[in-house]
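Below is the structure I would like to discuss, written out as structure tokens.
Every number here is computed from the coordinates shown, using simple stated rules; none is lab data. It should be emphasised that the depicted structure is a prediction, and the values quoted were computed from it without experimental measurement. Cβ sites come from the backbone with ideal geometry, for glycine too, and all protein chains shown count toward neighbours.
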Amino acid sequence: MNRLQKTLGFLLILILAVLSGCGTETSESSEKKATQPTEEETNVSQSGDENEVESSLKREDVIGVAAKVTRVVDGDTVKVELLNGKEETVRLILVDTPETKHPQLKVQPFGPEASDYTTEHLTNQEVTLEFDAEERDRYGRLLAYIWVDSKLFNEELVAKGLARVAVFPPNTKYVDEFRKTQDQARKNKLGIWSIENYVEEKGYNSEVARSIKEKEEDESAELNERCENKIKGNKNSKIYHVPTGAHYDQKMNNVQWFCTEEEAEEAGYRQSKN
């Protein structure tokens, strides 16, 4: 074999090696792309609930005021202490949760759930208050977006279906993002959106709320009649007593009867320790 043939043979082997390497890289690249989550998949909450909506906003260079939440009034109103020691009432911007303490509207569906969620996630938390165009409302309350670490709590309430978007210009900085989040919560029928015709443009339908309350009362009365003298629950304490329990025969107000312990626990009651 002459030198030219040897050279050509070497070049052929080199070219085949390069092509083989490119093919491997292409295969690996395709495999990697196949394992990458799609944009739709990344929008699903990490909690594993495919219906849960994630807040879309992330904290970037937010200029605000540091405060500590000292008490929750209801789902969309809290008390805070500023760094100078002054206490302020803060009304969350762009959101409206159902009522829990309104003298006429009373307790509305998902009002307690919203209040409980805010209490659990904001009480004693160090937060940042971000203001919009107007700093206070006509009642003297601070109007603010509340950031907890990198999350905007106002939008979290909307994402969970615990608040509707309520727009009061000129405080509209995040309104477009909030509405997108609300559309997803409505589509998934979360919280307030699980009740047909309950959410209205300027609040919540009180007639729907009353009909739900009446239905719950009727169901409770029927359950009491059907299960009387079986599992005895206390509506105030949410504790139930079995017939062999130490406090079963004690007189109590607001009794709710259940046929089984499972029914009591499904209704949110827990067993007495005695």
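Over 32 Å between Cα atoms, which of LYS86/LYS151; LYS151/LYS232; LYS187/LYS215; LYS151/LYS273 qualify?
From the list (LYS86/LYS151; LYS151/LYS232; LYS187/LYS215; LYS151/LYS273), the Cα-Cα distance tops 32 Å for LYS151/LYS232; LYS151/LYS273.
Which of rounded, prolate or oblate describes segment 95-168 when judged by the alpha-carbon gyration tensor and an a/c cut-off of 1.5? Don't skip to the end; give the middle numbers.
Numbers: a/c = 1.72, a/b = 1.21, b/c = 1.42.
It comes out oblate by the Cα gyration axes.
A follow-up question, please. Arranged from highest to lowest average of other beta-carbon atoms within 10 Å per residue, in what order do the peptides 108-119, 139-150, 219-230, 156-167 appear? Could the numbers behind the result be given before it?
Details: 108-119: 21.0, 139-150: 16.8, 219-230: 12.2, 156-167: 23.8.
Ranked by mean Cβ neighbours within 10 Å, highest first: 156-167, 108-119, 139-150, 219-230.
So which aspartates and glutamates can LYS238 reach, going by Cα to Cα under 12 Å and dropping same-chain residues fewer than 8 places off?
In chain and number order, the partners are GLU265, GLU266.
Would you mind estimating how fast segment 150-202 diffuses translationally, via Stokes-Einstein at 37 °C and 0.692 mPa s with the Kirkwood radius over Cα pairs, in µm²/s?
My calculation gives 289 µm²/s for D.
Sorting check: for 174-182, 266-274, which peptide has the highest mean count of neighbouring beta carbons within 10 Å, and how do the rest follow?
Descending mean neighbour count gives 174-182, 266-274.
Still on this structure, I have one more. Given the Cα atoms of segment 182-274, and with Rh set as the inverse mean 1/r over their pairs in the Kirkwood sense, what is Rg to Rh to two decimals?
Values: Rg = 17.3 Å, Rh = 15.3 Å.
Ratio of gyration radius to Kirkwood radius: 1.13.
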